[in-house]
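Peer 1: What follows is a single structure, and I will ask about it in a moment.
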Amino acid sequence: MPQKSSSFLGSPSFAKYWFSRIFASTAFQMLSLAIGWEMYNLTHDAFSLGFVGLAQFLPMVLLTFVVGHVADRFDRRRIVYLCQFIEGGIAIFLLVGNINGSLSRELILLAAAILGACRAFEGPAASALLPQLVPKDILQKAISWITSAGQTAQILGPSLGGLLFSLKPESVYIIAAIALLISGVLTYLIPKVIIERKSEPVSLRSVFLGLVFVYRHKVILGTISLDLFAVLLGGATALLPIFAQDILHTGAWGLGLMRTAPAVGALLMSVVLAYYPLKKAFGPTLFGALAVFGLATMLFAVSKNIYLSMLALLLIGASDVISVVIRSSLVQLQTPNEMLGRVNAVNSLFIGTSNQLGEFESGMLAGFMGAVPAAFIGGLGTLAVAGLWMYLFPSLRRLRSLSES
């Protein structure tokens, strides 16, 4: 049974889980930065950088339905720590290759693909593990704390990775390997929760059952697809280098600040939600947050002042977290335990697709009409999606409780 404490610090299992997520996510951010830098140093080819992203993204797409089924049939805790240990092994592999000069384009892509595959298994299993560690009445608060861990990693990982790589490249891989080892040990030390699972033969139907479940539950389908299209259209953060160099004329320091701003806004909002969780009017709150996201994106597009742009980016990050917490809470609370792995796999696919394709869409649109119109139209498109989804999913618009279906 889940821990009965209302404080995450009073729940040893959740505390281990929370710190494990920080260590693992920070290490992944560090490795992603180092792999990209190594690839560009080796090839000086932008297309090779694109292939690194593709190598990490494709396993998630190809393995989505398999990893969800695995998370529902086997011990989720074991899946998570095995993936973390393998990721630590990849960090050591890259360390050795860096030291002896044996890293090639192909080996870097192989390392990126294995990391992507591990993350594909680890993400749904870790998400599905959370409801086993806390009671349902504080699950929303727990999700807010986990979101804060993810945002902390997004702030800490790239900055720490960049600093270490500039001092000594090998140190990035050493620290990342140690962090993943600590993360794996923390996950291993979480007491195993014995849960009853329905005996279910492996079949195409059972593998794709998560997608069927999402389609039949309109509230979950509405919130997941809403997030997909909102992020897809509102991906202004992909254009930050253009705004820093050509529009705001801030240079690299401004780019660093702007890259950090959404994560800082998201971290602050996730801490607020951890202490003051949402209690009612979830539907209106979700659409209100999305409206702020769209308007902040439009503000960022037209801003000519670095401070105003930073404020807009803070609002983008903060409003996005509200959507994340509501969506994650709905998925966790309205999905039977035996289906959590598969449904979380579908959720992860939607999130990954929106981030990757959103950056692609923003880049293509900016190439055709310029960065400012592309970002402004993206924010406007987000508002249009919010209005359309309010019409298409009235049950989501009227949602007052996370237990409503």
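Taken together, the values in this text are just the output of simple stated rules run on the coordinates, not laboratory data. Only a predicted model underlies this, so the values are computations on that prediction, with no experimental measurement involved. Note that each Cβ is placed from the backbone with ideal geometry, even for glycine, and that neighbours are counted across all protein chains shown.
Peer 1: For the cross-link pairs 16/279; 192/280; 16/168; 141/280; 192/279, which exceed 24 Å when the distance is taken from alpha carbon to alpha carbon?
Peer 2: 16/279; 192/280; 16/168; 192/279
Peer 1: FRET efficiency for residue 246 and residue 392, Cβ-Cβ distance as r, R0 = 35 Å, nearest 0.05?
Peer 2: With R0 = 35 Å, the Cβ-Cβ based efficiency is 0.40.
Peer 1: Sort out for me the Cα centre separation of the stretch 281-325 from the stretch 91-132, rounded to whole Å.
Peer 2: First find each Cα centre; the distance between them is then 32 Å.
Peer 1: Work out which helices of the chain, taken as complete DSSP H runs, extend at least 27 Å along their axis over the Cα atoms and score a mean Kyte-Doolittle of -0.5 or more, then list them.
Peer 2: Once both thresholds are applied, what remains is 12-43, 46-73, 76-100, 105-129, 139-167, 169-188, 251-275, 282-302, 306-334, 340-369, 371-392.
Peer 1: Could you bin all the Cα-Cα distances of the chain into 10 Å bins starting at 0 and give me the percent of pairs in each, rounded to whole numbers?
Peer 2: 5, 22, 33, 28, 11, 1, 0
Peer 1: Rounded, prolate or oblate: which one fits the stretch 25-76, using the alpha carbon gyration tensor with axes a ≥ b ≥ c (rounded when a/c is under 1.5, else prolate when a/b beats b/c, else oblate)?
Peer 2: Note, shape of the stretch 25-76 comes out oblate.
Peer 1: A further question on this structure: By counting other Cβ atoms within 10 Å of each Cβ, how are 348, 127, 395, 48 ranked from fewest to most?
Peer 2: Final ranking by Cβ density, sparse to dense: 395, 48, 348, 127.
Peer 1: Follow-up question, since we're still on this one. Per-residue ellipticity at 222 nm for the chain, helices alone: DSSP H runs ≥ 4 residues times -39500 (n - 2.57), over residue total, nearest 500 deg cm²/dmol?
Peer 2: About -27500 deg cm²/dmol.
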